[in-house]
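The values are calculated or read from the model by the stated rules, or taken from the named source; none is laboratory data. Remember, predicted model here, so these are calculated numbers, not experimental data. As a convention, Cβ positions derive from the backbone with ideal geometry for all residues, glycine included, and neighbour counts pool all protein chains shown.
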């Protein structure tokens, strides 16, 4: 139930923000908006306010803003030409299409700003507590456990994780004596570190070093900061997440990250439920992360996505005339086929994960 509620909340807010970006820019440039829908397909509920019908539709994975004269060649009354989307200058149409992704990115900045201002700026706690022991590692074999606190290595006291890491690395493969505190009990382990590949965030090998197979605890504390520092941290956080999103796509194309890592709505719902159980702050942070993802992914140059429309508008600006109807029609069909295939694939990944988890339980 947590997964369903948090999924509806997170996705509903992000879709609203995205479509509101299109809606607001359309209104700003004087375009008549006929429909504002959360979801696709058949109308579930709707209400007419002014010239716009506001809807909640049956299929919740998306939304749309329908504008007057949106398609080239669509019949437009002479007295309403000035309110037609297709009759607006290219730069205004570009702005309306770009408004959706832009609002997702701006929303992420605002959300992170509020989190940092009211909860504080998260920063890692430099401790010697072990957060994870790698399966099949030397540390696991000798009995080291998650939660153990490293007190010394080869008789040298350790008060920071850097000292733990350097003590193992500098052993050059010779046996190390590891003294840990486990719930007030002092335990001593002796083992030889093994040479292992170091990997970056995307799983790429970036060198080798001697390791035992222990990972630091990811404890954090929150530091109170003012408006200025919260704002700059929010901008930096959004930029970093955007960069990681772009690099994640690049690494997937390069096959550094396996396609099996792609997740769809079921996976998003699972993570959203887990974040809600961990606390509202975690859920809000996850919402900010998804908002950045949604903004970046919508800028991909795939027809039917905002990025595809922006490519068409850029070509129109260069050629000084729009692409012909045949080209647009073929492009739209290709875009739908790409997105349809991707949706089937991510649903397959999600279901396969659930089946594997069920079989292992």
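Test residue 281 against the stated conditions and say whether it is surrounded by 13 or more Cβ atoms within 10 Å (Cβ to Cβ), farther than 22 Å from residue 248 by Cα, in contact (Cβ under 8 Å) with a residue 60 or more places away in the chain and in contact with a helix residue (DSSP H, G or I) (Cβ under 7 Å, 6 or more places away or on another chain). Spell out how you get there, then give the answer.
Working: surrounded by 13 or more Cβ atoms within 10 Å (Cβ to Cβ): yes; farther than 22 Å from residue 248 by Cα: yes; in contact (Cβ under 8 Å) with a residue 60 or more places away in the chain: yes; in contact with a helix residue (DSSP H, G or I) (Cβ under 7 Å, 6 or more places away or on another chain): yes.
For residue 281, the condition - surrounded by 13 or more Cβ atoms within 10 Å (Cβ to Cβ), farther than 22 Å from residue 248 by Cα, in contact (Cβ under 8 Å) with a residue 60 or more places away in the chain and in contact with a helix residue (DSSP H, G or I) (Cβ under 7 Å, 6 or more places away or on another chain) - is met.
Restricting to the range 66-85, give me the number of residues that are assigned to a helix (DSSP H, G or I) and either out of contact with any helix residue (DSSP H, G or I) (no Cβ under 7 Å at 6 or more places or on another chain) or buried (at least 18 other Cβ atoms within 10 Å of the Cβ) (or both).
Residues of the range 66-85 assigned to a helix (DSSP H, G or I): 78-83, 85.
Filter once more, keeping what is either out of contact with any helix residue (DSSP H, G or I) (no Cβ under 7 Å at 6 or more places or on another chain) or buried (at least 18 other Cβ atoms within 10 Å of the Cβ) (or both): 78-80, 82-83, 85.
The qualifying residues number 6.
For the range 147-165, name all the residues that are touching a residue at least 24 places away in the same chain (Cβ under 8 Å) and either part of a loop (DSSP other than H, G, I, E, B) or not assigned by TED's automatic domain parsing to the domain that holds residue 193 (or both).
Scanning the range 147-165 gives 147, 148, 158, 159, 160.
Exactly one of these conditions fails for residue 274: (1) at pLDDT below 80; (2) part of a loop (DSSP other than H, G, I, E, B). Give me its number.
(2)
What is the number of the single condition among (1) crowded, with 17+ Cβ neighbours inside 10 Å; (2) out of contact with any helix residue (DSSP H, G or I) (no Cβ under 7 Å at 6 or more places or on another chain); (3) in a helix (DSSP H, G or I) that residue 229 does not meet?
That leaves (1) as the condition not met.
Does residue 302 count as under 28 Å from residue 250 (Cβ atoms), part of a loop (DSSP other than H, G, I, E, B) and under 21 Å from the mean Cα position of the chain (by Cα)? First the steps, then the outcome.
Values: under 28 Å from residue 250 (Cβ atoms): yes; part of a loop (DSSP other than H, G, I, E, B): yes; under 21 Å from the mean Cα position of the chain (by Cα): yes.
When the stated conditions are applied, residue 302 passes them.
So which residues in the range 215-234 are touching a strand residue (DSSP E or B) at 6+ places or on another chain (Cβ under 8 Å) and within 13 Å of residue 109 (Cβ to Cβ), if there are any at all?
230, 233
What residue, of 24, 105, 111, is touching a helix residue (DSSP H, G or I) at 6+ places or on another chain (Cβ under 8 Å) and under 19 Å from residue 305 (Cβ atoms)?
Numbers: 24 fails: under 19 Å from residue 305 (Cβ atoms); 111 fails: under 19 Å from residue 305 (Cβ atoms).
Among 24, 105, 111, only 105 is touching a helix residue (DSSP H, G or I) at 6+ places or on another chain (Cβ under 8 Å) and under 19 Å from residue 305 (Cβ atoms).
Considering the range 323-351 alone, what residues qualify as being touching a helix residue (DSSP H, G or I) at 6+ places or on another chain (Cβ under 8 Å), modelled with pLDDT of 75 or more and farther than 15 Å from residue 303 by Cα? Spell out how you get there, then give the answer.
Filtering the range 323-351 for residues touching a helix residue (DSSP H, G or I) at 6+ places or on another chain (Cβ under 8 Å) gives 323, 328, 331, 335, 345-347, 349-351.
So of that shortlist, the ones also modelled with pLDDT of 75 or more come out as 323, 328, 331, 335, 345-346, 351.
Within the range 323-351, 345, 346, 351 qualify.
For the range 328-340, does any single residue satisfy the condition of being assigned by TED's automatic domain parsing to the domain that holds residue 262, farther than 15 Å from residue 101 by Cα and touching a residue at least 60 places away in the same chain (Cβ under 8 Å)?
Our first condition is that a residue be assigned by TED's automatic domain parsing to the domain that holds residue 262; within the range 328-340, this holds for 328-340.
Subsequent filtering for residues that are farther than 15 Å from residue 101 by Cα retains 328-340.
Subset that is touching a residue at least 60 places away in the same chain (Cβ under 8 Å): 328.
Yes; the residues of the range 328-340 include at least one that is assigned by TED's automatic domain parsing to the domain that holds residue 262, farther than 15 Å from residue 101 by Cα and touching a residue at least 60 places away in the same chain (Cβ under 8 Å).
Would you pick out the residues in the range 86-114 that are surrounded by 18 or more Cβ atoms within 10 Å (Cβ to Cβ) and without any contact (Cβ under 8 Å) to a residue 60 or more places away in the chain?
Listed by number, the list holds a single entry, 88.
Which of (1) within 24 Å of the chain's Cα centre (by Cα); (2) over 25 Å from residue 107 (Cα atoms) is the odd one out, the single condition residue 62 does not satisfy?
(2)
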